[in-house]
Amino acid sequence: MSEFPAKVSTRTSSPAGAPGLSSSAVDLEFLKSLFAILMVVEIVLGCLVWALIADTYYQPYPSYGWVMFVAIFFWLVTVILFGMYLLRLQMKLYMIPWPIVLVVFNVSAAVLYATAFIASAASVEPFSWPHSPDYNRRASASFFACLVMIGYGVSACLSIRAWKGYGRDAAPSQATVPNHA
């Protein structure tokens, strides 16, 4: 029994998918990416959608309840995902398949924002325009919902490309092409 501590060696390691966790608390390279820029656009425009509708008398219209649910739900989840990627928390949760999560999230956001945009645009009452200040807010919310839908659609395309691995070996394959000039 006295030999036991001498024969034991320990070694610490980080999880397989988490290289460089301790380098920096904030991922500044993420902020420069197209994915981060799209998330910021989705956050700002999504906030405009629900703020514009919340400022109107929308309670008698069930369609605006759906638009509010979609806008607030996806705004909150996008803020959480943005914070996670900014602080590299997804690296600590390496057991979650993040590319698939992002594909499902962005595709569902694009589809549900499409329904919210259609519901919002169909519920704008043009005959109330000169007498109701809510007309401009509802019409603006419909316009911004369309922009957010497009943003999530582009994010969905980028997420699908990242999930499938397009462009992964672009630089090495270009470096091996001989230059005949």
Worksheet item: Out of curiosity, is Ile53 within 15 Å of Ser140 (Cα to Cα) and part of a helix (DSSP H, G or I)?
Response: yes
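Report yes if some residue within the stretch 61-80 is among the hydroxyl-bearing types (Ser, Thr, Tyr) and under 24 Å from Ile37 (Cα atoms); otherwise report no. Write out each step before concluding.
Here is the first cut: in the stretch 61-80, the ones among the hydroxyl-bearing types (Ser, Thr, Tyr) are 61, 63-64, 78.
Add one more test, that the residue is under 24 Å from Ile37 (Cα atoms), and what stays is 78.
Looking through the stretch 61-80, at least one residue is among the hydroxyl-bearing types (Ser, Thr, Tyr) and under 24 Å from Ile37 (Cα atoms).
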Worksheet entry | Positions within the stretch 78-97 being modelled with pLDDT of 90 or more and open to solvent by less than 40 Å² (accessible area, probe 1.4 Å), in sequence order | Thr78, Leu81, Phe82, Gly83, Met84, Tyr85, Leu86
Fill in: Qualifying positions in the stretch 112-141 - loosely packed, with under 14 Cβ neighbours inside 10 Å and aliphatic (A, V, I, L, M)
Ala122
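Do you know which residues across the stretch 142-159 are over 21 Å from Trp66 (Cβ atoms) and either in contact with a Phe, Trp or Tyr (Cβ under 6 Å, 6 or more places away or on another chain) or open to solvent by 30 Å² or more (accessible area, probe 1.4 Å) (or both)? If you could, list the steps in order and put the result at the bottom.
First, pick out the residues of the stretch 142-159 that are over 21 Å from Trp66 (Cβ atoms): 154-155, 157-159.
Matches in the stretch 142-159: Val154, Cys157, Leu158.
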Worksheet item: Does Ile72 satisfy the criteria of being modelled with pLDDT of 60 or more, open to solvent by 50 Å² or more (accessible area, probe 1.4 Å) and touching a Gly at 6+ places or on another chain (Cβ under 9 Å)?
Response: yes
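Yes/no per residue for (1) free of Cβ contacts under 8 Å to residues at least 40 places away in the same chain; (2) touching a helix residue (DSSP H, G or I) at 6+ places or on another chain (Cβ under 8 Å); (3) part of a helix (DSSP H, G or I); (4) at positive phi:
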| position | (1), (2), (3), (4) |
| --- | --- |
| Gln90 | yes, yes, yes, no |
| Tyr94 | no, no, no, no |
| Ala114 | yes, yes, yes, no |
| Tyr135 | yes, yes, yes, no |
| Ala141 | no, yes, yes, no |
| Gly153 | no, yes, yes, no |
Worksheet, complete the sentence: Flagged pairs (Cβ under 7 angstrom, 6 or more apart or on separate chains; first in the stretch 35-62, over 30 Å from Trp98 (Cα atoms); second open to solvent by 60 Å² or more (accessible area, probe 1.4 Å) and modelled with pLDDT under 95) are Leu52/Arg137; Asp55/Arg137; Thr56/Arg137
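The values are calculated or read from the model by the stated rules, or taken from the named source; none is laboratory data. This is a predicted model, so every value here is computed, not measured. Heads up, the Cβs are rebuilt from the backbone with ideal geometry, glycines too, and the neighbour counts pull from every protein chain shown. Remember, those area values only see protein heavy atoms, side chains included, never the ligands or the DNA or RNA. Shrake-Rupley method; radii C 1.70, N 1.55, O 1.52, S 1.80 Å.
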